[in-house]
Amino acid sequence: MLRNAVLFGLFPVLLLLFSGQAAFSQPKGYMVLKGGYFSPTGDFGGDHLTGAPYGELAGGFNWWLFGAELGVGYLKADNSLGDIKTVPVLLSGKMQISILFMAPYLRGGVGAYYSELELKSGEGKGGKWSTGYHGGLGIDFRLGPVILGIEGTYLATKADFNVGEVTLDGVTVTGNVGFRF
């Protein structure tokens, strides 16, 4: 009985020691600006899409090992048939562990994507909403209230336009700058 009580009492202490800082004293909210590159693996009309710069503004809340994040981004992809511009609205769950001033994490979630297709033939332009999912990993370096980080995320969605389906799957790689509060 005493052994169980000691183990039960030591577990939270050991967890706090290995999580870097006392979890209850850490700032919990954050805002971050992510900038990088979108590399699509999808296609439109059987022609592979090429990527372009990617950006996202996100805010979230962490509590110990878990967190939630809401972000709004912008990405563009094109091929010989047309240009597609997309605004992803991403809701993510995060699992992270603090090790000194570093916080590696896994994230995953769902998104709503507004995509606008403009054909190069000049035939027209159209916008569609679609849903998708995403998953990724990254690491934050917490320098006081400042966050510096890198992240890789896989995005997956399909938008069905009158002229065909656009498969907008791909990987974003970003550098992140933000602050904790």
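The numbers here are math on the coordinates, done by the rules we state, and not lab data. Computed from a predicted model, the values in this text were never measured in an experiment. When we count neighbours, we look across all protein chains shown, and the Cβ atoms used for this are built from the backbone with ideal geometry, even at glycine.
Below is a table of values for the structure above.
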| quantity | calculated |
| --- | --- |
| Ordering of 81-91, 144-154 by packing [mean C-beta count within 10 Å, highest first] | 81-91, 144-154 |
| Ala112 versus Leu91: modelled label distance in nm, points set 7 Å from Cα along the beta carbon direction | 0.9 |
| Label-to-label distance, nm, for residues given as Tyr74 and His48 (7 Å Cα→Cβ offset) | 2.7 |
| Karplus 3J(HN,Hα) series, Hz, for the range 79-90 with 6.51 cos²θ - 1.76 cosθ + 1.60 (x for Gly, Pro) | 8, 5, 8, x, 10, 10, 10, 10, 10, x, 10, 10 |
| Links that overshoot a 31 Å alpha carbon limit, given the list Lys34/Lys125; Lys120/Lys158; Lys28/Lys128; Lys34/Lys128; Lys94/Lys158 | Lys28/Lys128 |
| For the range 21-180, the fraction of alpha-carbon pairs in successive 5 Å shells from zero, as % | 2, 9, 19, 22, 15, 11, 8, 6, 4, 2, 1, 0 |
| Per-residue ³J(HN,Hα) for the range 102-107, Karplus 6.51 cos²θ - 1.76 cosθ + 1.60, θ = phi - 60°, Hz, x for Gly and Pro | 9, 9, x, 8, 10, 9 |
